[in-house]
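**Student:** This is the structure I want to talk about, given as structure tokens.
Every read-out reported here was derived from the displayed coordinates using simple, explicitly stated rules and does not represent laboratory data. Every value quoted in this text rests on a predicted model; they were computed, and no experiment measured them. Every residue, glycine among them, receives a Cβ derived from its backbone with ideal geometry; neighbour counts consider all protein chains shown.
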Amino acid sequence: MNVKIITTCIALSALMLTACGPSAKEIEEALKKDRARNITLPKNDYHYKVTKDYIEDEPDADYLHASEAAHEAFRDIKFAVRIHWGIYSIWEMNGESWGFLNLSDVRKAEYNELYKTFNPTGFDANEWMDLFRRAGIQCMAFTTKHHEGFSMYDTKTQVVQRADYIDSLNPIEQCHLAYSIMETPFKRDVVKELCDAAHERNIKIDLYFSHPDWYDADFRPYNGHPLTTLSVKTNTAMYGNDIHFDSTKIMTEERMPEETARMVKRHREQLCELLTNYGKIDMICLDQWLGQDVWEETKKTVKMMRKLQPDVMLRCRGIGNYGDYYTPEQFVPESKENTNMPWMTIYPLGRSFSYDRDSAHYRGAGWIIRNLIDAVAKGGSFMVGIGPNGTGKFHPTAVAQLEETGRWLDLNGEGIFNSSPCEVWKDGKTRFTQTKDHKYVYAFVDTLKAEITIAAVTPKENSKVRMLGYEKDIEWMYTDTGITLTLPSELLENRPCKYAWAFKFEVGNQKSHI
């Protein structure tokens, strides 16, 4: 099956190039235009820093990013959701599969057998998507495979050797399985069901995929793999600047060339499957990285992905400036970013991106809304992270907070969706967005009182000022410190929402008014 899959990928790529491929001149012009777009990561991005010693800043001369239209469509996604779900949800492990590394060898062995009992009969893709629609979510990201190696979709690839945590003398054992959802009692392709439901509702699709794989021994010793080798100690730079030798891990022989070839092949085939079996995919959310020793092969995989779906947006992790977007994690950048590469903040609603049973840990709709406004005002997007439990159900508190956010967006989404950032994006705690034609500016304030002064906005003379969710005009006047809004008592006593009130100003058809 492996040979068939990769052959199909290569054939599809060739077909795309020959059947309707552009001329040499068109390719040359496209490449020139792509370079002029200057799609580069900020130098302080964590995943840029750990791989910058072997991933070149300037992509190969024959490489094209996703089109400008695809980048613009990405920027139009303002609010998204990230779902981390896997067999780690059975044990409700905090931190997705990262908790696997802290388990004893006995518990690791037990974990690797959990798939035999995974039967999430509460999972309903349509129910999930209907929730996301109510929440105002435009894009869904889903973990097809996290670091511990379990595939949540019908992969035809096979793992042929894995760690044996019980036999210390022979730490690698032979096996022959996909290690996927299709080998569980559930036997349903979760990714297919989610993609089908998302396509039906016009929700964009972002498929998360981990470069490293801790189940497959061929992937040792990349990115925290429980199986390590002496080369990590003697040549740390090969594996990225954040990888260090750990003597507590299981020591094995160095990876042989045939093992490396199998790893590269399986990694490539799985990404091929995701881009050929589930219709249009808007984003591939790559995570972590492999190493310098296989970078040239990884680059070939990236180029294959680009041929399969030219406009798929690729997250930059592990591929540097070959990526199309990056994701500040658990923070919104302090200011507007000085890069042309689009960004989307990813932030868990609970303690981590996976299921959290404690309702007290969920941060609330107000927290989502404040971060959403802040990110959008700075030209980015906001992706909130939640995870279902082992049965496939989200925590009721997470559901309630998403639905409350959706009700806020029903009133205020006009200032979020299809907006663009203003040149001056803040005035104290007030955040600004504007319509793409620059005719209207939206000011989001976090406190309502009888008089509100905003210094940065210059409304069009004699124009109306409105609060989203309130039908009457708001009185306003020019002052020495900006403009002052006078709010009626009926509005203060009957506020249309609980958080972040938006005022809409007509400012004319110029590019910069604030």
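**Student:** Taking amide H atoms as placed 1.01 Å from N in the peptide plane, list the residues 5 or more away in sequence, or in a different chain, whose amide H sits under 5 Å from that of Gln161.
**Tutor:** Those lying under 5 Å, H to H, from Gln161 are Cys175, Ala217, Asp218.
**Student:** What is the Rg over Rh value, at two decimals, for segment 419-506, using alpha-carbon atoms and the Kirkwood definition of Rh?
**Tutor:** Numbers: Rg = 12.2 Å, Rh = 13.2 Å.
With Rg and the Kirkwood Rh in hand, the quotient comes to 0.92.
**Student:** Hey, what's the Cα Rg ratio for segment 70-127 versus the globular rule of thumb, 2.2 N^0.38 Å? Write out the running numbers ahead of the final one.
**Tutor:** Values: Rg = 16.4 Å, N = 58, 2.2 N^0.38 = 10.3 Å.
Against the compact-globule rule of thumb, the ratio is 1.59.
**Student:** Still on this model: Given Cα pairs under 8 Å that are at least 6 residues apart, what percent is the relative contact order of segment 190-315? Intermediate results must be reported in sequence, preceding the final value.
**Tutor:** On the way: 156 pairs, mean separation 39.9, N = 126.
The normalised contact order for segment 190-315 reaches 32 percent.
**Student:** Could you give each residue of segment 299-310 its phi-based ³J(HN,Hα) in whole Hz, using Karplus coefficients 6.51, -1.76, 1.60 with θ = phi - 60°, and x for Gly or Pro?
**Tutor:** 4, 4, 5, 4, 5, 4, 4, 5, 6, 5, 9, x
**Student:** Taking one equal scatterer on every alpha-carbon of segment 412-455, how large is log10 of I(q)/I(0) by Debye at q = 0.14, 0.18, 0.19 1/Å?
**Tutor:** -0.32, -0.52, -0.58
**Student:** Test of understanding: ordering Ser352, Ser419, Ser23 by Cβ neighbours within 10 Å, fewest first, what list do you get?
**Tutor:** Details: Ser352 19, Ser419 23, Ser23 8.
Sorted ascending by nearby Cβ count, the order is Ser23, Ser352, Ser419.
**Student:** If you consider only alpha-carbon coordinates, what radius of gyration and Dmax does segment 358-478 have, in Å?
**Tutor:** In Å, with Rg to one decimal and Dmax whole: 16.8, 58.
**Student:** What fraction, in whole percent, of alpha-carbon pairs in segment 298-417 exceed 25 Å separation?
**Tutor:** Details: 2672 of 7140 pairs.
Considering segment 298-417, 37 percent of its Cα-Cα pairs are separated by more than 25 Å.
**Student:** Something else about it: Residue separation times 0.36 nm, minus the C-alpha to C-alpha distance between Asn38 and Phe245: what's the value?
**Tutor:** Using 0.36 nm per residue and subtracting the Cα-Cα distance, I get 70.9 nm.
**Student:** Could you run the Karplus curve 6.51 cos²θ - 1.76 cosθ + 1.60 with θ = phi - 60° over segment 365-378 and give me ³J(HN,Hα) per residue in whole Hz, x for Gly and Pro?
**Tutor:** 5, x, 5, 4, 5, 4, 5, 4, 4, 4, 5, 5, 4, 8
**Student:** Moving on. Just want to confirm a number: the relative contact order over the chain, from Cα pairs under 8 angstrom separated by 6+ residues, in percent. Before the final figure, lay out the partial values.
**Tutor:** Numbers: 1016 pairs, mean separation 90.1, N = 514.
Relative contact order here is 18 percent.
**Student:** Now for a separate question. Taking a virtual spin label 7 Å from the Cα of Val399 along the C-beta vector, which residues in segment 115-146 bring their backbone nitrogen under 19 Å of it?
**Tutor:** Flagged as within label range: 120-137.
**Student:** Report the dimensions of segment 209-312 along its three principal axes from the alpha-carbon atoms, largest first, rounded to Å.
**Tutor:** 44, 25, 21
**Student:** Sorted from fewest to most neighbouring beta carbons within 10 Å, what does the list Trp476, Trp91 look like? Each step should come with its number before you reach the end.
**Tutor:** Numbers: Trp476 19, Trp91 16.
By the 10 Å Cβ count, ascending: Trp91, Trp476.
**Student:** Working from Cα positions, state the angle (0 to 90°, nearest 10) between the long axis of helix 396-412 and the longest principal axis of the chain.
**Tutor:** 40 degrees
**Student:** Considering just Cα atoms, how many Å³ per residue does the convex hull of the chain enclose?
**Tutor:** Details: hull volume 80.0 nm³, N = 514.
About 156 Å³ per residue, rounded to a whole number.
**Student:** Sticking with this one: Based on Cα positions only, what radius of gyration and what Dmax would you give for segment 147-218, in angstroms?
**Tutor:** 15.3, 53
**Student:** Fewest to most neighbouring Cβ within 10 Å: what's the order for Leu485, Leu372, Leu492?
**Tutor:** Details: Leu485 22, Leu372 28, Leu492 11.
So the ranking, lowest neighbour count to highest, is Leu492, Leu485, Leu372.
**Student:** Still on this model: Report ³J(HN,Hα) in whole Hz for each residue of segment 145-153, in order, from the Karplus equation J = 6.51 cos²θ - 1.76 cosθ + 1.60 where θ = phi - 60°; Gly and Pro get x.
**Tutor:** 7, 8, 4, 6, x, 7, 8, 8, 9
**Student:** Counting only DSSP beta bridges with both residues in the chain, what percent are antiparallel, rounded to the nearest 5? Kindly include the intermediate steps, with their values, before the conclusion.
**Tutor:** Details: 34 of 67 bridges.
Of the beta bridges lying entirely in the chain, close to 50 percent run antiparallel.
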